[in-house]
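The values are calculated or read from the model by the stated rules, or taken from the named source; none is laboratory data. Model, not experiment: these values are computed from the prediction. Cβ placement follows ideal geometry from the backbone for every residue including glycine, while neighbour counts extend to all protein chains displayed. With ligands, DNA and RNA removed, areas are computed over all heavy atoms of the protein, side chains included. Shrake-Rupley method; radii C 1.70, N 1.55, O 1.52, S 1.80 Å.
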Amino acid sequence: MVNCVVRNWQGEEVGETTLELRVAKEENASHIVHRALTRQLNNARQGNACTKTRSEVRGGGRKPWRQKGTGRARAGSIRSPLWRGGGVIFGPKPRDFEVKMNKKERRLALRTAFQSRTEDIIVVEEFAEQFPRPKSKELLSAISRWGIEPDTKVLLILPEPQPNVYLSGRNIELVNVILATSLNVYDVLAADKIIVTSTAIAKIQEIYGE
């Protein structure tokens, strides 16, 4: 169990909350998190790179010159891989990069990754009412009040869709806004700091705490 300080909109400490997730054993933690991360990155690959072999390139049906007597090397097609405009040898073809991983392992890896970032987690009170309309400048000011430097990569976790907060964060280059239900290993590990609302912390423990 980890205790986290809760800050209000002005950046003042107003209480504490606990984060308690079942994580992997220390000797297996890095391995299972690495597997989950490589799975996510591989599954995001499209795998649609494609090159044509000599049989697929248009043309090349006629032998360019006779077999003997010209003094030149033998050639059967102008679409040979040795020729300019010819086919490609051992080039990429469409493929599926999908890596399978059990659901229980994926959830365990996510819990382990999230709890490992407790030193970088900043818990704040709900602040959706502060955004009657989208305002990136207001969100940047709040992030600064919560003790985060301007050049820090931030992951902002919300408990539910909040359009004005999302639109405010979308326009900030180093801020990534996601929902507690869309938590993933890559975003958790890629961020320098994680801002999560107190309601989102409760939701994360409810969804992933089993």
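The table for this structure:
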read-out: Dipole in debye (nearest 20) - the stretch 119-210, about Cα centre, beta carbon charges: Lys, Arg +1; Asp, Glu -1; value: 380
read-out: Structure-derived mean projected area of the Cα convex hull in nm²: which label, when the choices are [x] 12.9; [y] 18.3; [z] 9.9; value: [y]
read-out: Segment residue 186-residue 26, length gained on full extension (0.36 nm per residue, minus Cα span); value: 55.6 nm
read-out: 62, 145, 95, reordered so the largest accessible area comes first (probe 1.4 Å); value: 62, 95, 145
read-out: Candidates 165, 57, 188: whichever shows maximal mean-square fluctuation once the chain is modelled as a Gaussian network with Cα springs under 10 Å; value: 57
read-out: Residue of 142, 36, 109 that the Gaussian network model of the chain assigns the largest fluctuation, springs spanning Cα pairs under 10 Å; value: 142
read-out: Extension gain, residue 67 back to residue 105 (0.36 nm per residue minus Cα-Cα distance, nm); value: 7.4 nm
read-out: C-alpha long axis of helix 136-145 to longest principal axis of the chain, angle in °; value: 60
read-out: Share of carbon and sulfur in the accessible heavy-atom surface of the chain [1.4 Å probe, %]; value: 48
read-out: Cα-projected label distance for residue 74 with residue 46, points at 7 Å along beta-carbon direction, nm; value: 4.2
read-out: Among 67, 46, 130, residue whose mean-square fluctuation peaks in a GNM of the chain (springs only between Cα atoms under 10 Å); value: 67
read-out: Accessible surface, the chain, averaged per residue in Å² (probe 1.4 Å); value: 63
read-out: Of all DSSP beta bridges in the stretch 89-210, antiparallel share, percent nearest 5; value: 0
